[in-house]
Protein chains: 4
Amino acid sequence: MKRTLKVGVIGLGFFGSRHARIYADHPAAELIAVCDRDPARVRLAAEETGARGFEDFRALLTLPGIDAVSICLPDRLHEDAAIASAEAGKTILLEKPLAHESGAARRILAAVEKNGARMMVGHILRFDPRYVQTFHAAAPERLGTPLHVRAKRNGIRSTAKRLGSSSSILFYMGVHDVDAMQWIARSRIHRVYAQKVEVLGNGNEDALYAVVNFQNGAIGSIDYSWAWPDGLMNGFRSSLEIVGTKAAAYLDCTEQGLYVVEDGGTSGGDTHLWPEINGHIAGDLAGELDHFVKASLSGKPYVQDYREAFDAIPVLDALAESARTGLPVTVAR
Amino acid sequence: MKRTLKVGVIGLGFFGSRHARIYADHPAAELIAVCDRDPARVRLAAEETGARGFEDFRALLTLPGIDAVSICLPDRLHEDAAIASAEAGKTILLEKPLAHESGAARRILAAVEKNGARMMVGHILRFDPRYVQTFHAAAPERLGTPLHVRAKRNGIRSTAKRLGSSSSILFYMGVHDVDAMQWIARSRIHRVYAQKVEVLGNGNEDALYAVVNFQNGAIGSIDYSWAWPDGLMNGFRSSLEIVGTKAAAYLDCTEQGLYVVEDGGTSGGDTHLWPEINGHIAGDLAGELDHFVKASLSGKPYVQDYREAFDAIPVLDALAESARTGLPVTVAR
Amino acid sequence: MKRTLKVGVIGLGFFGSRHARIYADHPAAELIAVCDRDPARVRLAAEETGARGFEDFRALLTLPGIDAVSICLPDRLHEDAAIASAEAGKTILLEKPLAHESGAARRILAAVEKNGARMMVGHILRFDPRYVQTFHAAAPERLGTPLHVRAKRNGIRSTAKRLGSSSSILFYMGVHDVDAMQWIARSRIHRVYAQKVEVLGNGNEDALYAVVNFQNGAIGSIDYSWAWPDGLMNGFRSSLEIVGTKAAAYLDCTEQGLYVVEDGGTSGGDTHLWPEINGHIAGDLAGELDHFVKASLSGKPYVQDYREAFDAIPVLDALAESARTGLPVTVAR
Amino acid sequence: MKRTLKVGVIGLGFFGSRHARIYADHPAAELIAVCDRDPARVRLAAEETGARGFEDFRALLTLPGIDAVSICLPDRLHEDAAIASAEAGKTILLEKPLAHESGAARRILAAVEKNGARMMVGHILRFDPRYVQTFHAAAPERLGTPLHVRAKRNGIRSTAKRLGSSSSILFYMGVHDVDAMQWIARSRIHRVYAQKVEVLGNGNEDALYAVVNFQNGAIGSIDYSWAWPDGLMNGFRSSLEIVGTKAAAYLDCTEQGLYVVEDGGTSGGDTHLWPEINGHIAGDLAGELDHFVKASLSGKPYVQDYREAFDAIPVLDALAESARTGLPVTVAR
């Protein structure tokens, strides 16, 4: 007999509904509450999981016995929910990005620290075997000193259209790679230069290319776009490579090893992020929540300190500023 | 608070040591016993996990409170351990293959059924996202009627040499694909023809090619070898494809999306079977044991009935007989 | 100033029209005649290339000054045209397969030898960098003794439907791989076993799987199908691998390194066989015809002796017989 | 009977020796002279091809009957040889880059134009099926308006060490991609920003990342490095992608479809650039020289005007300046 973590999920969109299913399936977690401002989503999730439904996250936070919350809201709503959860003393899993800009991120951190709350940010690549093994291959004793690091994350237009102006490619997709580059290169980015194109009409950049400098002397290249046609195999492409003085490592998520052929064409499938296996969600997202549950119960540190998650936000701000001004920008820390 | 499954692991080789680590890490399992005839292995596993050590599996089976065992012994030792475990009323996870030939397999099944024990066979591909999604893509409403099915599983010579005469490529590797082909094609193989080569001097075939017929009219092709040079990227190659009257699906495990480059060459890595992620074993094997623990506790059926695992054994026997006689062989059921 | 080879092309379908364009473009060839029973095709090719048009190949063969012919007719018409060309003393490039069955192949050879004609058979894989380099990698001093060899050639249903009953997968596609396997393994196939499926209703097998034995002790596996859905990336898949006692080599033509992404899906392209480059046909087919022209002019031997091309035909016959009878068949030589 | 092009090759290093072999093999070319300052190389090439040997290119240029020259010298020696050849009225195939900086490039162009000479620059990607087909896929009616374009060209350290300070990654490798990007995007680069790392001690940058802007509004990303460990599969990686408002295309030269497996590892092979096929050099380089010979004889335009080759040089200069100053640079045209 072991103790379980009593969890509530705030926000029941693409990610929140998956968080809810994974907790409901986890032997050391109890999903006791779900929340969304859309009553239909609440009803559906409550029926599926047996959790109690809420439309207001502040009400959810007052539920007796709740230990932890997953916050899966749109970027701009992270601040309110995270601060309220911290003030309520809850353990927090905050979906990435930590916040939609540095100021909000700083206020969240202050609330967490003031209230002695624990928080983990949902940087899923920290649980992807390809990225984690690249991190290990890039250990100084194997790689030597990092020389250059390149990351790519590309998606399709229908994602951009679905998210409209509620997120941007920088914050929705880009935060993954800025975090991964700093984590794997063991160094922080201190200077950036970016150019962008806007074409889909959602008020944000649709593609952004950047060159960056790390504190340890390495250079970096960033390639973000969600302007690809919808027929892109698997719906996205991501890759990362790092070359050091002794060795190099690279990963490429284009090839997933799975193909379906119909008269209309060949398509792929997700075999890593959140594949459905025998009625359950497996893969990286399940691994991330498993870690959150276990480390929250045991009191051990999370694999990523939230201050490392925070370290990505000023880089995103600097990229946005450089793309706007057309000049190199030093990252404000 | 939920109940946990108290487990013992019998055999602490490559697979058994991984089973032990995964149970020790699972919130709904308690690893309370480990067993191997090598005292050094027992001591090591006991120290790492806190489980009690045994050199004799019969002693382990008498330990009070033990609910379930993982049997991870060489193929030829499966029969004794599985029958003893069934007679002791334990819930059994038996690493594949079910047995080293049909007779032993039948005796294991008889013991399980006579004693009302529950048993799951460790067919890991049932937990691999690539195979499971291929199974779904091959559903009759998507694929139509299966026409042809091909499976490949190739390994390197050092594996063959390490296992020596304790297993054969047919039973060690081949059982995976015979099970997968019958599962994904939704039909059983009833006739086989095989040819083999022997070259590594361990008394077994080192490569075997076969053509098979399914009861539903589809034809099949099988490609087994562990005669590849040790420098094979990732150490193995496996693939499966199925073409039906309406659609087709294929998977290829050659590409894993991860590469390390050193002066001596480019190498890959395992990103699916049992990758180390943040100090834990993740991937398919962890998914398999998670299912075993949960379904054992809940009483729900395992994703694979052991009779389906049994269905692969007479096919292996027939393949061996055909390779020996040079003639087509009808599978004895 | 160098002498040129005066050439006529007989048959202006998919291959013949390409032969005509390549000769017209070749500095050491003069395309002086084209022939097809369809007057529209003749008119078009004559206009494009300046060659003289014929509807009857026997008339073409009487054209003064003609040195050589490319025969690009349906398989069953090879015999008449090849024998007539040999009797007219022409140098012959005969598109594969040499003939549609062993008897016809033998009669063609007899005519060629009786008349002292030169003949090359259009086995394009002998000019594909991937196959040629695999042949070199499989040299005994690098590979050791061959142990197992596997070849795959798969196409799409619309090809099968287009060719209807005028060819079969064995002769249209399969001859490539039987020749390649014997060439690369440096040994002839002497025993075969095959199973087939028929589904597209053109009176021939649509997929055939086989296991074969080579005279040098190696075993082989063959995988032919043109039952894939039309959306298969690039429209075909082919691969070949050979494992020896010292090393191994494999090629895979699935990946061509070129992708076009549209809203409807991702598609590939041919980068090796006969790609259009700057208004010309480049790649393997151009290389094959370049070799034919040069070796015909210089009198040097062709890279493939026609007796090696002949060696593939009895294997195809044996595969067809085995698929019909369900029994292993010894290749009649 | 057709006229032939009488050719001399100046410089017999890696490229020059291949040019010589290809001309010697070409039915419309006669290799009548070879030149290198190393007498051993001259002797070897003269023996192999029957051409007359020179150690001074000015002497070669006075040889009666010579129509054309291939200039395959180190970058910094292009200017002298190209101007002398133009003044001698020869038709010139100048290996890329046109020159090692803009000033030299302009002087070469002036000499060519003043003397009415014809010149083609050896941009081999214009003859690579993957790049040419990407160019066609990027036609405005298929792609729409280009949004973003990315190019990568990476090599290994031993190449950097072999070339030492005689070239730089920008001019040796980079000119390929700047030309390809401008060609495929149908627009010129007008603004650049670059960062570099130096580590191999040859006095030049060893890796350079850049972001660029095209006149048509597209943005670009450039990734150059020859700092990869020598074990990189195939010894290099190159790729290019272009995303437009309607479609997208990408190529990846990492996968060549050919693998050799030995105990020490898996290696690949070149199947496109200059593979050896049946004793001859085939592939892109042979296609490039074939075009040069035919267009020189026919008087038709070369597929690439040398002014397009020139257009790449100021971009390289601007990249070098930006990497030096750390600021965005406008390309001087």
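The values are calculated or read from the model by the stated rules, or taken from the named source; none is laboratory data. Treat the numbers as computed from the prediction; the structure is a model and nothing was measured. Virtual Cβ from ideal backbone geometry, glycine too; neighbours counted across all protein chains shown.
For segment B:193-225, the set of residues classified as more than 8 Å from chain C (Cβ to nearest Cβ), farther than 17 Å from B:D177 by Cβ and either crowded, with 24+ Cβ neighbours inside 10 Å or at pLDDT 95 or above (or both) consists of B:Q215, B:N216, listed by residue number. Would you mind stating whether D:I169 is crowded, with 22+ Cβ neighbours inside 10 Å, without any contact (Cβ under 8 Å) to a residue 60 or more places away in the chain, more than 12 Å from every other protein chain (Cβ to nearest Cβ) and over 20 Å from D:W274 (Cα atoms)? Answer is no for this residue.
One residue is enough: does segment A:230-238 have a residue meeting the conditions modelled with pLDDT of 95 or more, of a type in the set (S, T, Y) and within 24 Å of D:E241 (Cα to Cα)? Checked segment A:230-238: at least one residue is modelled with pLDDT of 95 or more, of a type in the set (S, T, Y) and within 24 Å of D:E241 (Cα to Cα).
Taken over segment A:237-261, the residue count meeting the criterion of being under 22 Å from the mean Cα position of the chain (by Cα) and within 12 Å of chain C (Cβ to nearest Cβ) is 3. The requirement of being part of a strand (DSSP E or B) and of a type in the set (V, I, T) is satisfied by A:V260. Would you check if there is a residue in segment C:274-287 being closer than 26 Å to B:A247 by Cβ and of a type in the set (A, V, I, L, M, F, W, C)? Looking for residues that are closer than 26 Å to B:A247 by Cβ and of a type in the set (A, V, I, L, M, F, W, C), one finds none in segment C:274-287, hence no. Just so you know, in segment C:1-24 the residues that are within 13 Å of another protein chain (Cβ to nearest Cβ) and modelled with pLDDT under 95 include one that is nearest to C:E276 (Cα to Cα), and it is C:T4.
Checking segment C:267-287 against the condition returns a match, with at least one residue being within 20 Å of C:C72 (Cα to Cα), touching a strand residue (DSSP E or B) at 6+ places or on another chain (Cβ under 6 Å) and either buried (at least 20 other Cβ atoms within 10 Å of the Cβ) or hydrophobic (A, V, I, L, M, F, W, C) (or both).
Restricting segment A:288-328 to residues that are of a type in the set (V, I, T) and surrounded by fewer than 20 Cβ atoms within 10 Å (Cβ to Cβ) leaves a set whose member that is nearest to D:G326 (Cα to Cα) is A:T325.
Can you confirm whether segment B:155-166 contains a residue that is within 26 Å of C:L208 (Cα to Cα) and either out of contact with any Lys or Arg (no Cβ under 9 Å at 6 or more places or on another chain) or aromatic (F, W, Y) (or both)? No, because not a single residue in segment B:155-166 is within 26 Å of C:L208 (Cα to Cα) and either out of contact with any Lys or Arg (no Cβ under 9 Å at 6 or more places or on another chain) or aromatic (F, W, Y) (or both). Figure legend. Inter-residue proximity from segment A:22-48: first residues in contact (Cβ under 8 Å) with a residue 40 or more places away in the chain and more than 11 Å from A:G11 (Cα to Cα), second residues of a type in the set (F, W, Y) and part of a helix (DSSP H, G or I), beta-carbon distance below 8 Å, spacing 6+ or different chains. Indicated pairs: A:A29/A:Y23. Kindly provide the set of residues from segment A:321-333 that are at pLDDT 95 or above and either under 22 Å from B:A28 (Cβ atoms) or among the hydrophobic types (A, V, I, L, M, F, W, C) (or both), ordered by number. Correct list: A:A323, A:L327, A:V329, A:V331. The single residue among C:A33, C:A40 that is at pLDDT 95 or above, of a type in the set (G, A, S) and in contact with a Lys or Arg (Cβ under 6 Å, 6 or more places away or on another chain) turns out to be C:A33. Only a single criterion out of (1) at pLDDT 95 or above; (2) more than 15 Å from the chain's Cα centre (by Cα) is not satisfied by C:W183, namely (2). Of the residues that make up segment D:281-299, is at least one over 21 Å from the mean Cα position of the chain (by Cα), over 22 Å from D:W183 (Cα atoms) and within 14 Å of chain B (Cβ to nearest Cβ)? No, there is no match, as no residue in segment D:281-299 is over 21 Å from the mean Cα position of the chain (by Cα), over 22 Å from D:W183 (Cα atoms) and within 14 Å of chain B (Cβ to nearest Cβ). Quick one: in segment D:172-184, of everything that is in contact with a strand residue (DSSP E or B) (Cβ under 7 Å, 6 or more places away or on another chain) and over 16 Å from D:K196 (Cβ atoms), which residue is surrounded by the fewest Cβ atoms within 10 Å (Cβ to Cβ)? Taking the candidates together, the pick is D:Q182.
When D:A247 is tested against (1) closer than 17 Å to D:R130 by Cβ; (2) crowded, with 24+ Cβ neighbours inside 10 Å; (3) not hydroxyl-bearing (S, T, Y), only condition (2) is not met. When restricted to residues that are within 25 Å of B:L258 (Cα to Cα) and away from chain C (no Cβ under 14 Å), segment A:262-280 contains 8. For segment B:277-325, filtering for residues that are touching a residue at least 40 places away in the same chain (Cβ under 8 Å), within 24 Å of B:G103 (Cβ to Cβ) and not aromatic (F, W, Y) leaves 16.
Only one entry in B:G103, B:G53 is free of Cβ contacts under 8 Å to residues at least 24 places away in the same chain and either closer than 20 Å to B:S17 by Cα or touching a Lys or Arg at 6+ places or on another chain (Cβ under 8 Å) (or both), namely B:G53.
Return yes when D:A29 is more than 14 Å from chain C (Cβ to nearest Cβ) and buried (at least 20 other Cβ atoms within 10 Å of the Cβ) and no when it is not. It is false that D:A29 is more than 14 Å from chain C (Cβ to nearest Cβ) and buried (at least 20 other Cβ atoms within 10 Å of the Cβ).
Do the conditions hold for B:E95, that is, is it surrounded by 15 or more Cβ atoms within 10 Å (Cβ to Cβ), out of contact with any Leu (no Cβ under 7 Å at 6 or more places or on another chain) and among the charged types (D, E, K, R)? Taking the combined requirement at face value, the residue satisfies it.
Report yes if some residue within segment B:63-72 is out of contact with any Ser or Thr (no Cβ under 7 Å at 6 or more places or on another chain), hydroxyl-bearing (S, T, Y) and closer than 12 Å to B:G11 by Cβ; otherwise report no. Yes, the conditions are met somewhere in segment B:63-72. Restricting attention to segment B:145-160, the residues that are surrounded by 21 or more Cβ atoms within 10 Å (Cβ to Cβ) and not in a helix (DSSP H, G or I) add up to 11. Here D:D252 passes the criteria (1) of a type outside the set (V, I, T); (2) crowded, with 21+ Cβ neighbours inside 10 Å; (3) closer than 30 Å to C:D263 by Cα except the one numbered (2).
If the condition is being of a type in the set (V, I, T) and more than 28 Å from D:L208 (Cβ to Cβ), then segment A:240-260 contributes only A:V260.
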